[in-house]
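**Q** Got a structure for you, questions after.
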Amino acid sequence: MPDIVLSTLNAKYIHASFGLRCLMANLGELQSRAKILEFDINQRPLEIAETLLEAAPKILGLGVYVWNAGPTLELLGILRRLRPDLKIVLGGPEVSYEWDQQPIIGLADHVITGEADLAFASLCKSLLSATDPRPPKLIAAPVPDVAALALPYDLYEARDLEHRVVYVEASRGCPFTCEFCLSSLEIPVRQFPLDPFLVAMQQLHDRGLRRFKFVDRTFNLNLATSRRILQFFLDRLSPELFVHFEMIPDRLPAELRELIAQFPAGTLQFEVGIQTFDREVEARISRRQNHDRLADNFQWLRQHSGVHLHADLIVGLPGETLESFGRGFDRLIHLRPQEIQVGILKRLRGTPIIRHDAEWQMIYNPHPPYEVLSTRTMNFGTLARLRRFAKFWDIFGNSGNFVESLPLLWAHDSTVAPAHIESNSERSPIGDPVAVVPLPAGLSSGDTETESPTHENASTTGSAFGAILAWSDWLHAQGVKGHGIALPRQYELLWRWSVEVSGICAEVFGPALARDYRRPGRTDLPTWLIPFAGSEATLRRPARLPLRQSRHLGAASES
Ligand code: B12
Ligand code: SF4
């Protein structure tokens with residue numbers, strides 16, 4: 001039986017906890033007396049408690065994050081009652097700030113705030129030795145010298161390497177000060193010594209790992225380090241290799257471009273935070289970015305590299321309006337990232353964004369993940385609408401399932417067959433409720449979804465944002481929920497909205513939709529789409545990459 005159990009509830013099974021492995025790696029001689037037991041938030045606290053109690057540890061260390069704060073509180077309630085003698089130690093970003101307001105703290109024996117790689121080991125030593133005086137309940141971990149830390153990579157097991165997202169880090173901290181982000185508090189930036197780090201990457205590679213996910217906040221900060229890491233992977237190219245980095249968007253000097261350009265399409269993924277394009281909002285939340293350089297870098301990446309670009313925008317920042325967010329979304333669409341993640345602002349514990357609460361009437365949900373509910377410039381209804389927009393955009397835009405057909409929703413009239421425009425002078429731009437084309441034979445009429453879309457956004461009609469918002473409003477009006485929509489139904493819904501309701505030409509839309517359906521290598525086709533199938537061979541996605549990325553890649557390689 002282990003004396004120490006390190007545990008957490010990950011966001012999903014596929015996410016391995018990197019933080020726990022860091023603590024384990026630095027336990028020194030106590031490591032042989034410790035064990036990691038990981039769970040995910042879809043498991044029931046009662047079942048988790050059963051597994052933890054079976055292990056019968058003396059000390060239980062639990063990693064608390066915004067995604068697991070609720071179930072972890074429930075878990076602790078159970079454990080406290082059944083094992084009052086168990087020493088419970090909490091740590092992680094969620095309990096590192098504003099602990100005095102959290103009921104979970106009352107159930108713990110000790111809380112270590114900040115980076116606890118070394119502090120957890122010291123606490124365990126004290127708790128397991130009878131001689132030491134009782135350590136305090138609240139322990140602020142001194143910022144560790146990362147050069148002195150033992151690296152955790154050999155703690156990834158074979159099943160992690162095969163089935164889970166494996167996180168790695170070459171640096172900690174961020175020099176920027178975006179007020180919504182916890183990393184803005186983690187200054188200064190500290191680099192792990194590069195040689196031992198690359199040795200560890202080599203060992204992971206030797207063990208078969210081909211998908212590396214870097215958690216560094218700003219990978220492209222230190223040019224020399226970024227270059228060496230990129231060169232490391234360039235020297236180990238293989239069809240399965242996939243490397244994810246988080247980048248700042250306005251820094252991509254020639255020395256980095258030269259290496260990036262050498263990677264085959266789909267090998268690199270860059271997650272690029274844009275968050276907002278509104279100058280005033282940016283200044284208000286202390287975020288600095290150069291828009292011209294950002295646009296130039298995006299254009300270069302799309303034209304000269306095969307990098308999969310995943311860009312982030314935030315809804316609900318103080319002072320952001322529906323219109324300013326829409327303009328930002330359209331601007332980003334023009335920069336052509338393969339994915340745009342639309343996230344709702346969260347008021348993370350410890351972040352300075354709260355200084356705007358009074359002036360911008362920021363109201364947040366009191367429960368994790370503390371999403372914004374209403375602001376002076378976006379009321380509850382608007383935010384609810386944008387939350388749906390984000391979900392539907394993810395299903396229909398980011399999924400890569402509709403790369404050819406979806407843009408027709410906001411495309412110009414040039415995409416409509418000229419003969420059709422002439423024969424239907426009533427046809428208006430996207431959003432007009434003109435049902436002009438009958439259902440293709442075989443498409444079940446099922447629940448009739450031919451109501452008019454809402455038209456609150458005349459000002460945004462014609463833009464990608466306006467088009468997707470109108471589509472999202474319509475889906476909502478049909479009672480469609482933003483999850484669990486079977487793929488054939490997605491195709492059917494998109495057809496109905498585009499052709500029946502919005503009046504897009506069926507002869508243009510049908511073939512595009514059929515090609516989208518077949519792009520990932522599907523050989524079948526819904527019967528109602530068969531008339532539009534054409535004779536071209538089925539388009540196959542490259543099988544080696546994660547599904548989403550490969551669908552986008554399939555589309556890019558055809559254009
Ligand atoms: C990987 C990751 C994820 C993964 C999940 C990983 C998992 N295990 O399940 C995914 C991609 C799903 C994810 C999602 C989200 N994430 Co995230 N994510 C990260 C990321 C990039 C890396 C975490 C990591 O490994 N860090 C490196 C390790 C070394 O640091 P660490 O985990 O903090 O661990 C140290 C300390 O916290 C402490 N510690 C940790 N565990 C324990 C346990 C004990 C007992 C002790 C004593 C100490 C301790 O010691 C560790 C070593 O120093 C961080 C940013 C970052 N770079 O840290 C954000 C971060 C953790 N995420 C964050 C957020 C806000 C989110 C989202 C809400 C974002 C969103 N979509 O809006 C979602 C929520 C998902 C959901 N379902 O609700 C915040 C967390 C805020 C909070 N209070 O928890 C972070 C810090 C980003 C930020 N800068 O704001 N995320
Ligand atoms: S949003 Fe990105 S750049 Fe800004 S503080 Fe957070 S990690 Fe750093």
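**Q** With the crude spin-label approximation of a point 7 Å out along Cα→Cβ, what separation in nm comes out for Gln262 versus Leu161?
**A** The modelled label-to-label distance comes out at 2.5 nm.
**Q** Need the full-extension length gain, Gln202 to Arg134, defined as separation in residues times 0.36 nm minus the C-alpha distance. One decimal, nm.
**A** Taking Gln202 through Arg134 to full extension adds about 20.2 nm, to one decimal.
**Q** What's log10 of I(q)/I(0) for region 103-204 at q = 0.19 Å⁻¹, Debye sum over Cα points only, no solvent?
**A** At q = 0.19 Å⁻¹ the computed log10 ratios are -1.13.
**Q** If I stretch the segment between Tyr13 and Arg336 completely, what's the gain in nm (0.36 nm per residue apart, minus their alpha carbon distance), one decimal?
**A** 113.2 nm
**Q** I've got another one for you. Peptides 509-515, 100-106: what's the order by average Cβ count within 10 Å, highest mean first?
**A** 509-515, 100-106
**Q** Mind checking the full-extension length gain between Lys125 and Glu98? Use 0.36 nm per residue of separation minus the Cα-Cα distance, one decimal, nm.
**A** Value of the extension gain: 7.0 nm.
**Q** Can you list the lysines whose alpha carbon is less than 24 Å from that of Lys12, not counting same-chain residues fewer than 8 positions off?
**A** The qualifying lysines are Lys35, Lys213, Lys346, Lys391, Lys481.
**Q** Moving to a separate point now. Going highest first, how would you order 345-354, 287-296, 161-170, 108-117 by mean Cβ packing within 10 Å?
**A** Packing proxy ranking, top to bottom: 108-117, 345-354, 161-170, 287-296.
**Q** Quick one: what are the phi-derived ³J(HN,Hα) couplings along region 22-31, Karplus 6.51/-1.76/1.60 with θ = phi - 60°, whole Hz, x for glycine and proline?
**A** 5, 5, 4, 4, 9, 7, x, 5, 7, 4
**Q** Taking H as built 1.01 Å from N, whose amide H comes closer than 5 Å to the amide H of Ser171, not counting residues under 5 places away?
**A** Here Phe192, Asp216 satisfy the definition.
**Q** I need the calculated FRET efficiency for the pair Asp292 and Glu359, taking r as the beta carbon distance and R₀ as 35 Å, to the nearest 0.05.
**A** FRET efficiency, Asp292 to Glu359: 0.70.
**Q** Take the Cα pairs of the chain, get the Kirkwood Rh, then feed it into Stokes-Einstein at 25 °C and 0.890 mPa s and tell me D in µm²/s.
**A** Estimated diffusion coefficient is 95 µm²/s.
**Q** Still on this structure: Taking amide hydrogens as modeled 1.01 Å from N in the peptide plane, which residues meet the under 5 Å criterion relative to Gly273, leaving out close sequence neighbours?
**A** Met247, Asp312
**Q** Right, next: Taking the simple approach of a point 7 Å from Cα along Cα-to-Cβ for both Glu240 and Leu194, what is their distance in nm?
**A** 2.8 nm
**Q** Taking θ as phi - 60°, what are the ³J(HN,Hα) couplings along region 140-157 by the Karplus curve (6.51, -1.76, 1.60), each to the nearest whole Hz, with x for Gly and Pro?
**A** Using θ = phi - 60°, the values come out as 8, 5, x, 4, x, 6, 5, 5, 8, 8, 6, 7, x, 5, 6, 7, 6, 8 Hz.
**Q** Can I ask one more? With each run of n ≥ 4 DSSP H residues scored as -39500 (n - 2.57), what mean residue ellipticity at 222 nm is computed for the chain after dividing by its residue count and rounding to the nearest 500 deg cm²/dmol?
**A** After summing the helix terms and dividing by the residues of the chain, the value is -10000 deg cm²/dmol.
**Q** I need the phi-derived Karplus couplings for region 314-321: 6.51 cos²θ - 1.76 cosθ + 1.60, θ = phi - 60°, integer Hz, Gly and Pro marked x.
**A** 10, 8, x, 5, x, x, 6, 10
**Q** Separate question: When a/c reaches 1.5 or more, the comparison of a/b and b/c decides; with that in mind, is region 4-140 rounded, prolate or oblate per its Cα gyration tensor?
**A** rounded
**Q** Collect residues whose amide H, placed 1.01 Å from N in the peptide plane, falls under 5 Å from the amide H of Val189; neighbours closer than 5 in sequence don't count.
**A** For Val189, no residues qualify.
Values quoted throughout were computed directly from the atomic coordinates according to the rules given, and no laboratory measurement underlies them. Note that the structure is a prediction, hence the values are computed from the model and not measured. Here the Cβ is made from the backbone with ideal geometry for all residues, glycine too, and neighbour counts use every protein chain on show.
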